[in-house]
1. Once the principal axes of the Cα atoms of segment 66-105 are found, what is the range along each, listed largest first in whole angstroms?
2. Give a quick list of GluC sites (Glu not before Pro) in segment 30-107 that DSSP marks as loop, anything other than H, G, I, E or B, with at most 13 other Cβ atoms within 10 Å.
3. Tell me, what HN-Hα J-couplings in whole Hz come from the Karplus equation 6.51 cos²θ - 1.76 cosθ + 1.60 at θ = phi - 60° for each residue of segment 97-109, using x for Gly and Pro?
4. Looking only at segment 40-75, which residues have a backbone nitrogen under 11 Å from a spot 7 Å from the Cα of Ser7 in the C-beta direction?
5. Using a 10 Å cut-off around each Cβ, can you sort His159, His2, His13, His103 from fewest to most neighbouring Cβ atoms?
6. For segment 1-127, taking Cα atoms only, what is the radius of gyration to one decimal and the Dmax to the nearest whole Å?
7. Which far-off residues, 5 or more places away or on another chain, put their amide H under 5 Å from the one on His159, with H placed in the peptide plane?
8. In nm, to one decimal, how far is the Arg170 label point from the Ala88 one, both placed 7 Å along Cα→Cβ?
Amino acid sequence: MHVTTGSGHVLIHAETHADTYEFEYLDGRLGLSVDKAWVEAVRAAPVDDPVAQSEAGVTWTGDLDVLDEMMAVPEVAALPWLSRTLGAQGFTGAAFPASLALHKVARESADGLGIEVPALDVEPDEAGYCARATANDCYGMCGYGCSCWSWVCGDCCYHSGCARHDSWCRNGQWYYCYNITAVIALFGC
C-alpha cells in the first residue's frame, strides 16, 4: 500500500517481506516492523489470551507523535469517503484482502476526526442472521461501536479480525486501537 498526499508526501507505505510486514508513516519519519510469526501466533490464540495481547512482534523506529500529526493532513479526511466508495464498488476486505489496510486507516481517520460516514445497504442474505461469539451484537463488527462499516468485511457480522481489534481496545492497547497504523488489517476479516 502506498498512499500519498496531493503534493507527493508519503502518508503510509506498507510492504510485505519474507518474515515481516513493514510500515512507514509521513515520509518515513515513523517505522513499524511486524513479525509474521507473531501475527500467526496472535491469530491462533484466543482474543483474551496473553499471547494475543503481547507486543513481542512489533518494533517501532522514529517518532510516535507522527501518528497524531497525520490526523492534521487534509488528505486523511478524504480516506473515509474513499473507503466507502471502494466498498460500494465491491472492493471489500473480504473480497480484496489487500484493501483492508486502506479500510482500516480510513476507519480510524473517521473516528479520530469525528467524520460520520453513512452506512451502505447490504444484500438481504448478508444482513440476516450473523453468528456471534458473544451476546454483544456489536462485538467483532467492523465499525466504531454499533456503526457498521459493511464495506470493510462485506457485512455487519462478527469477524475475528474486528474482534481482535475490539479486544485490544478494551485492554487499552492504543497502538492497535486508537491510531491509523493499519496493523489490524494483518489479522483479516
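Each reported figure results from applying straightforward, stated rules to the coordinates on display, with no laboratory input. Small disclaimer: the values here were computed from a predicted structure and weren't measured. Using ideal geometry, Cβ is built from the backbone for each residue, glycine included, and neighbour counts are taken over all protein chains shown.
1. Result, largest extent first: 32, 16, 8 Å.
2. Answer by residue number: Glu55.
3. x, 5, 7, 4, 4, 5, 4, 5, 4, 5, 4, 5, 5
4. 74
5. Ranking His159, His2, His13, His103 by Cβ neighbours within 10 Å, fewest first, gives His2, His13, His159, His103.
6. Answer for segment 1-127, Rg first and Dmax second: 16.1, 47 Å.
7. Met141
8. A separation of 3.4 nm, rounded to one decimal place.
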